[in-house]
Amino acid sequence: MIFLKKAFFFILFIMTVLFFWLLIGIVFKPEPWLLPPPNMVWNRFMELLADGFLLKHTIITLTEILMGYAVGVSSGLLIGYPISQVKMLERILTPYLIAGNSVPLVAFAPLLLLWFGSGMLTNIIVTALIVFLPMTISTITGFQAQKSILKRLMRTLKASKFQRFIYLEVPTAMPGIISGMKIGAPLAVVGAVVGEFLGSGEGLGHLILEANGLLDTSQLFVAIWILAIIGMTFFSLIQIMDFIILGSWNQRRQER
């Protein structure tokens with residue numbers, strides 16, 4: 001039922017955007033190179049799709065998003081967990097994580113381009129970095145959310161470190177971890193496009209730059225719409241995972 005509700009609101013959002021888009025075109029009559037009508041954007045979409053040009057660049061961007069997201073999330077978990085358990089590590093590294101999160105990634109992007117050159121590797125690294133910082137902070141916060149009374153209870157029951165990790169630490173930290181994954185999902189799309197803006201010559205970011213240079217606003221809108229759909233779909237998949245994992249755990253708790 002919840003999935004049908006989300007699908008309904010997604011369709012309603014699309015219809016609302018299209019309605020105001022058409023309304024602006026009728027009332028203000030902007031030039032097509034400023035704001036093309038929806039039918040012109042659709043025709044351009046079909047042209048790009050027919051020659052395989054759009055599919056090729058979409059697959060490249062999707063690959064960068066998924067690989068960068070996977071690296072960013074796994075790195076955030078692997079680094080965030082030890083920091084959450086060792087106070088000295090937290091005191092030393094947390095200020096640097098906050099400082100890194102405060103600096104826009106665009107400032108580091110040219111440096112990454114110099115180090116790794118233009119191409120998919122740089123785009124994946126940019127995507128991973130933009131996902132890594134919020135994921136690490138969410139992991140630290142999640143694992144530190146354990147109640148002291150539950151820790152004492154596990155010690156009283158003589159639970160092993162592995163048992164404490166599986167039955168106490170992971171369930172307690174999972175809401176924070178999934179929140180970090182939700183934050184990282186749209187950021188991964190941004191990271192991939194920022195990397196492509198550096199001059200990779202491939203991907204939807206490249207299509208946007210190309211369309212901007214040629215004043216092909218229809219192609220620009222096609223790329224923007226696809227990126228928006230990718231971002232919303234990716235976020236929705238994480239929400240579904242959230243519902244399945246946390247929902248099942250909450251149900252088990254109620255049964256007990």
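The values are calculated or read from the model by the stated rules, or taken from the named source; none is laboratory data. These numbers were taken from a predicted model, which means no experiment stands behind them. Backbone-built Cβ (ideal geometry, glycine too); neighbour counts: all protein chains shown.
Residues satisfying the criterion are present in the range 51-63 (criterion: closer than 23 Å to I230 by Cα, modelled with pLDDT of 90 or more and charged (D, E, K, R)). For S75, state whether it is among the hydroxyl-bearing types (S, T, Y), surrounded by 15 or more Cβ atoms within 10 Å (Cβ to Cβ) and over 22 Å from the mean Cα position of the chain (by Cα). Judged against the criteria, S75 is not a match.
Considering only residues of the range 89-137 that are closer than 19 Å to V190 by Cα, in a helix (DSSP H, G or I) and among the small types (G, A, S), which is modelled with the highest pLDDT? Here the residue is A128.
Residues checked against (1) exposed (fewer than 15 other Cβ atoms within 10 Å of the Cβ); (2) among the aliphatic types (A, V, I, L, M):
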position: L207; (1), (2): no, yes
position: G213; (1), (2): yes, no
position: D216; (1), (2): no, no
position: V222; (1), (2): no, yes
position: L227; (1), (2): no, yes
position: T233; (1), (2): yes, no
position: Q239; (1), (2): no, no
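Among the residues of the range 197-228, those identified as more than 19 Å from G52 (Cα to Cα) and assigned to a helix (DSSP H, G or I) are F197, N212, G213, L214, T217, A228. Residues that are surrounded by 14 or more Cβ atoms within 10 Å (Cβ to Cβ), hydroxyl-bearing (S, T, Y) and in a helix (DSSP H, G or I) do not occur anywhere in the range 14-36.
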